[in-house]
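Peer 1: One structure, as structure tokens, below. Some questions next.
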2 protein chains.
Amino acid sequence: MGVAVIEASMTKFGQRDAWLRDLLAEAGEECLSDAPIDNDDVEHLYVSNMSSGEFEGQTGVMNWLAHDLGLLPAYSERVDQTSSSGGAGIYEAWQSIASGASEMTLLVGGEKMTHKTTPEATDIIASITHPDEYKHGVTLPSFAGLTARHYLERFDAPRESLAKVAVKNHRNGVDNPNAQFQKEITTETALESPIVADPLRLYDFCPITDGSAAMLFTTEERAAELTDDYAVVSGIGGATDTHVVHERDDPTVMGGVVESSDQAYEMAGLGPDDLDVAELHDMFTILEFLQLEGIGVAEQGEAWELAMDGYTDRDGELPINTSGGLKSKGHPLGASGVAQGVEIYEQLVGEAGPRQVEADVGLACNVGGFGNCVITTIMEAAE
Amino acid sequence: MGVAVIEASMTKFGQRDAWLRDLLAEAGEECLSDAPIDNDDVEHLYVSNMSSGEFEGQTGVMNWLAHDLGLLPAYSERVDQTSSSGGAGIYEAWQSIASGASEMTLLVGGEKMTHKTTPEATDIIASITHPDEYKHGVTLPSFAGLTARHYLERFDAPRESLAKVAVKNHRNGVDNPNAQFQKEITTETALESPIVADPLRLYDFCPITDGSAAMLFTTEERAAELTDDYAVVSGIGGATDTHVVHERDDPTVMGGVVESSDQAYEMAGLGPDDLDVAELHDMFTILEFLQLEGIGVAEQGEAWELAMDGYTDRDGELPINTSGGLKSKGHPLGASGVAQGVEIYEQLVGEAGPRQVEADVGLACNVGGFGNCVITTIMEAAE
């Protein structure tokens with residue numbers, strides 16, 4: 001059964017004076033109030049969230065949200081796949097509709113993080129990784145530093161190419177009113193910012209963020225009855241890679257990206273050349289290169305050239321992270337994959353405002369851990 | 001598409017000298033090694049778990065398990081619905097097969113709890129409930145005490161009827177080698193045990209438990225090719241009730257049980273009279289009555305009579321909790337709903353050993369929070 005997205009919304013991302021419950025309700029309410037349905041129509045509610053227990057001492061947030069949004073007795077469940085929880089939520093929402101379990105499914109992803117100190121938040125996030133690696137001090141940022149050094153040296157890529165990713169995504173974020181940072185930066189600013197995990201510097205990293213995003217799914221048939229502005233999830237796939245990162249054959253190949261995008265392309269009957277726009281998981285700038293290569297847009301070791309020559313700019317051949325990406329939009333773990341879906345939806349239905357590009361086919365790639373689990377979603381504009 | 005269960009297993013429940021990772025792998029490995037498939041055949045892995053982050057400081061356990069079981073690059077995801085996470089995992093596994101997203105799905109539920117002190121574990125579990133109720137001291141056991149007093153007085157039920165539930169489930173547990181307590185008790189023992197939440201006493205409560213359970217799902221068509229010993233998930237439903245317990249109209253009606261079982265019966269084309277065996281979520285003895293009424297086996301206020309007259313005994317009209325239930329088998333949160341499914345599967349395929357009853361249709365009801373979310377599953381023996 002074809003699965004469609006008929007509405008999407010997100011909160012302002014950033015440092016928010018609100019708890020997770022409030023953030024989830026804000027995105028969920030906006031999504032429902034803009035949709036051509038009654039709240040009673042929602043049969044399943046999925047909440048993408050990694051760590052409400054660890055961040056806030058509250059679990060059961062999905063039951064709470066179902067209650068707050070007036071959706072009872074709708075089914076409610078929390079989906080966790082660490083930093084790809086949002087993408088996993090899209091997959092669950094898709095399965096709920098495609099299986100016939102639900103005819104109308106609301107997905108809300110969110111995380112509340114900024115009330116923790118950076119070391120506290122880092123510790124919670126690092127619980128994703130294998131403890132044998134973590135006890136040696138290897139956090140996600142340090143994996144990124146090690147991988148970036150390897151990539152730059154092996155493929156003779158200039159350090160500037162990583163800075164270009166940050167500059168591009170910050171420029172896109174200026175036009176996204178919901179982005180955490182609406183601030184242009186220069187290549188020099190990025191290259192001269194403080195070292196965090198050599199060779200990566202401050203502007204190679206996404207921030208810690210509070211925020212929430214929502215999408216509403218139904219069957220393609222029902223969508224066509226309800227609205228003209230809908231998108232279809234034409235391909236989706238998910239995959240897991242080794243939990244111990246150092247066991248991977250090649251540190252520059254994200255196996256989960258390759259496998260999940262292969263599944264999504266096959267299901268959609270499309271390939272990388274068909275893409276008009278994509279949101280990639282730029283938690284660290286180097287990841288944008290690895291994903292461009294993993295989804296088949298560039299050959300191994302060549303994605304950096306796309307950043308250098310403007311191919312991935314908003315007015316380039318394949319605009320990447322028109323939303324601002326995790327880099328400037330922010331990265332509230334459970335929300336990020338959903339917010340990727342929100343951006344692709346808005347691009348496909350023509351609601352992206354000053355960020356609008358011409359797009360009939362869009363892809364979102366959401367990465368958990370350091371590629372430990374990945375979801376790739378392909379969406380197309382309704383015919 | 002019809003969804004079948006072709007194998008099931010569980011670890012010994014109790015105080016285990018192992019971490020969650022080890023427990024999940026133990027049940028998963030046993031399930032896979034007994035199944036007529038290769039590990040490579042598994043396309044999706046769901047891990048039902050409420051709080052590995054809070055109990056162990058580890059998240060990402062589903063990626064880890066996919067790695068440990070040699071399932072890469074299978075999709076892996078954690079499903080959380082508090083104490084009904086196991087039932088939610090069954091629902092997700094069902095959706096993954098019914099939607100065509102996966103042709104072979106492994107579900108493993110587990111929790112590691114006993115390394116925490118009882119107050120610490122209670123605090124983690126209470127994070128399920130609404131903080132406005134919890135700050136007034138209302139934990140799940142106290143909800144049970146309040147509800148039990150109301151039930152006994154309103155329906156003129158004898159205190160002994162609750163003790164009978166404990167006695168029955170302990171007797172069943174004696175024949176389950178994986179139960180935490182393989183120990184018969186008398187009505188007097190139950191009635192004279194220490195008060196925990198008046199009128200409920202120690203033997204009205206399930207223990208804190210470590211353990212894991214697994215089920216393997218595929219299409220009905222593929223199941224028939226692979227084995228004669230399979231069961232079919234013919235009905236399943238899930239529902240949410242108010243997150244604030246005191247907002248419910250009638251404290252003796254679990255709305256989520258009523259709604260989810262209605263959905264499951266409708267899908268299966270069956271009713272309460274068709275059941276041959278059932279596993280109910282007896283976290284507290286009083287819950288067995290509320291669920292017997294919620295699933296339509298008894299009228300409101302009359303389930304206590306079924307306990308008194310042996311109707312729900314193993315040799316009675318409708319055996320309830322032949323596994324020993326949460327009461328004697330134990331309640332490792334994320335595992336419990338899966339372990340209910342394991343018992344129903346074993347009863348339907350004739351692998352329940354000394355606990356075996358005659359059964360072609362079985363039901364499992366898994367309750368999260370204090371009925372905040374509920375999953376009901378109906379399984380039938382293959383034709």
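Peer 1: Which condition number in (1) at pLDDT 95 or above; (2) within 14 Å of another protein chain (Cβ to nearest Cβ) is the one that residue A:245 fails?
Peer 2: (1)
Peer 1: Checking residue B:216 against (1) in contact with a Pro (Cβ under 7 Å, 6 or more places away or on another chain); (2) assigned to a strand (DSSP E or B); (3) crowded, with 18+ Cβ neighbours inside 10 Å, which single condition isn't satisfied?
Peer 2: Unmet for residue B:216, out of (1) in contact with a Pro (Cβ under 7 Å, 6 or more places away or on another chain); (2) assigned to a strand (DSSP E or B); (3) crowded, with 18+ Cβ neighbours inside 10 Å: (1).
Peer 1: When you scan region A:143-162, do you find a residue that is within 14 Å of chain B (Cβ to nearest Cβ) and surrounded by 21 or more Cβ atoms within 10 Å (Cβ to Cβ), even just one? Before the answer, list the steps.
Peer 2: Here is the first cut: in region A:143-162, the residues within 14 Å of chain B (Cβ to nearest Cβ) are A:143.
Within this subset, residues satisfying the condition of being surrounded by 21 or more Cβ atoms within 10 Å (Cβ to Cβ) are A:143.
Yes - at least one qualifying residue is present in region A:143-162.
Peer 1: Run down A:341, A:350, A:334 and say which single residue is touching a strand residue (DSSP E or B) at 6+ places or on another chain (Cβ under 9 Å) and surrounded by fewer than 24 Cβ atoms within 10 Å (Cβ to Cβ).
Peer 2: Details: A:341 fails: surrounded by fewer than 24 Cβ atoms within 10 Å (Cβ to Cβ); A:334 fails: surrounded by fewer than 24 Cβ atoms within 10 Å (Cβ to Cβ).
Matching residue, one of A:341, A:350, A:334: A:350.
For (1) at the interface with chain A (Cβ under 7 Å from one of its Cβ atoms); (2) free of Cβ contacts under 8 Å to residues at least 40 places away in the same chain, each residue gets a yes or a no:
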residue	(1), (2)
B:78	yes, yes
B:85	no, no
B:98	yes, no
B:124	no, no
B:128	yes, no
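Peer 1: Report the residue count in region A:65-76 for those that are farther than 14 Å from residue B:256 by Cα and surrounded by 23 or more Cβ atoms within 10 Å (Cβ to Cβ).
Peer 2: Going through region A:65-76, the residues farther than 14 Å from residue B:256 by Cα turn out to be A:65, A:68-70.
Keeping just the survivors that are surrounded by 23 or more Cβ atoms within 10 Å (Cβ to Cβ) gives A:65.
Selection size over region A:65-76: 1.
Peer 1: Continuing with the same structure: For the structure I just gave you, tell me whether residue A:29 is surrounded by fewer than 24 Cβ atoms within 10 Å (Cβ to Cβ), facing chain B (nearest Cβ under 7 Å) and in a helix (DSSP H, G or I).
Peer 2: Values: surrounded by fewer than 24 Cβ atoms within 10 Å (Cβ to Cβ): yes; facing chain B (nearest Cβ under 7 Å): no; in a helix (DSSP H, G or I): yes.
In short, no.
For every residue, the table says whether it meets (1) outside any helix (DSSP H, G or I); (2) touching a residue at least 40 places away in the same chain (Cβ under 8 Å); (3) charged (D, E, K, R).
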{"position": "B:259", "(1), (2), (3)": "no, yes, yes"}
{"position": "B:263", "(1), (2), (3)": "no, yes, no"}
{"position": "B:278", "(1), (2), (3)": "yes, yes, no"}
{"position": "B:287", "(1), (2), (3)": "no, yes, no"}
{"position": "B:290", "(1), (2), (3)": "no, yes, no"}
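Peer 1: Take region A:65-76 and flag every residue that is touching a residue at least 12 places away in the same chain (Cβ under 8 Å) and either facing chain B (nearest Cβ under 7 Å) or in a helix (DSSP H, G or I) (or both).
Peer 2: Of the residues in region A:65-76, the ones touching a residue at least 12 places away in the same chain (Cβ under 8 Å) are A:65-66, A:68-71, A:74-76.
If the condition is that a residue be touching a residue at least 12 places away in the same chain (Cβ under 8 Å) and either facing chain B (nearest Cβ under 7 Å) or in a helix (DSSP H, G or I) (or both), then A:65, A:66, A:68, A:74, A:75, A:76 are the ones that fit.
Peer 1: While we're looking at this one, here's another question. In the list A:312, A:377, which residue meets the criterion of being out of contact with any Cys (no Cβ under 7 Å at 6 or more places or on another chain), buried (at least 24 other Cβ atoms within 10 Å of the Cβ) and part of a loop (DSSP other than H, G, I, E, B)?
Peer 2: On the way: A:377 fails: part of a loop (DSSP other than H, G, I, E, B).
Just one listed residue meets the conditions, A:312.
Peer 1: Quick one: is residue A:239 of a type in the set (Gly, Ala, Ser), surrounded by 19 or more Cβ atoms within 10 Å (Cβ to Cβ), under 21 Å from residue A:328 (Cβ atoms) and in contact (Cβ under 8 Å) with a residue 60 or more places away in the chain?
Peer 2: Numbers: of a type in the set (Gly, Ala, Ser): yes; surrounded by 19 or more Cβ atoms within 10 Å (Cβ to Cβ): yes; under 21 Å from residue A:328 (Cβ atoms): no; in contact (Cβ under 8 Å) with a residue 60 or more places away in the chain: yes.
Considered against the rule, which asks whether it is of a type in the set (Gly, Ala, Ser), surrounded by 19 or more Cβ atoms within 10 Å (Cβ to Cβ), under 21 Å from residue A:328 (Cβ atoms) and in contact (Cβ under 8 Å) with a residue 60 or more places away in the chain, residue A:239 comes out as no.
Peer 1: Kindly list the number of the only condition in (1) surrounded by fewer than 24 Cβ atoms within 10 Å (Cβ to Cβ); (2) under 12 Å from residue B:68 (Cβ atoms) that fails for residue B:20.
Peer 2: So the condition that residue B:20 fails would be (1).
Peer 1: Please verify whether residue A:91 is more than 7 Å from chain B (Cβ to nearest Cβ), under 20 Å from residue B:46 (Cβ atoms) and outside any helix (DSSP H, G or I), treating the condition exactly as stated. Outline the logic, then answer.
Peer 2: Working: more than 7 Å from chain B (Cβ to nearest Cβ): yes; under 20 Å from residue B:46 (Cβ atoms): yes; outside any helix (DSSP H, G or I): no.
Against the criterion (more than 7 Å from chain B (Cβ to nearest Cβ), under 20 Å from residue B:46 (Cβ atoms) and outside any helix (DSSP H, G or I)), residue A:91 does not qualify.
The values are calculated or read from the model by the stated rules, or taken from the named source; none is laboratory data. Since we're looking at a predicted model, the values are computed, not measured. Don't worry about glycine lacking a Cβ; one is built from the backbone with ideal geometry, like all the others, and counts go over all protein chains shown.
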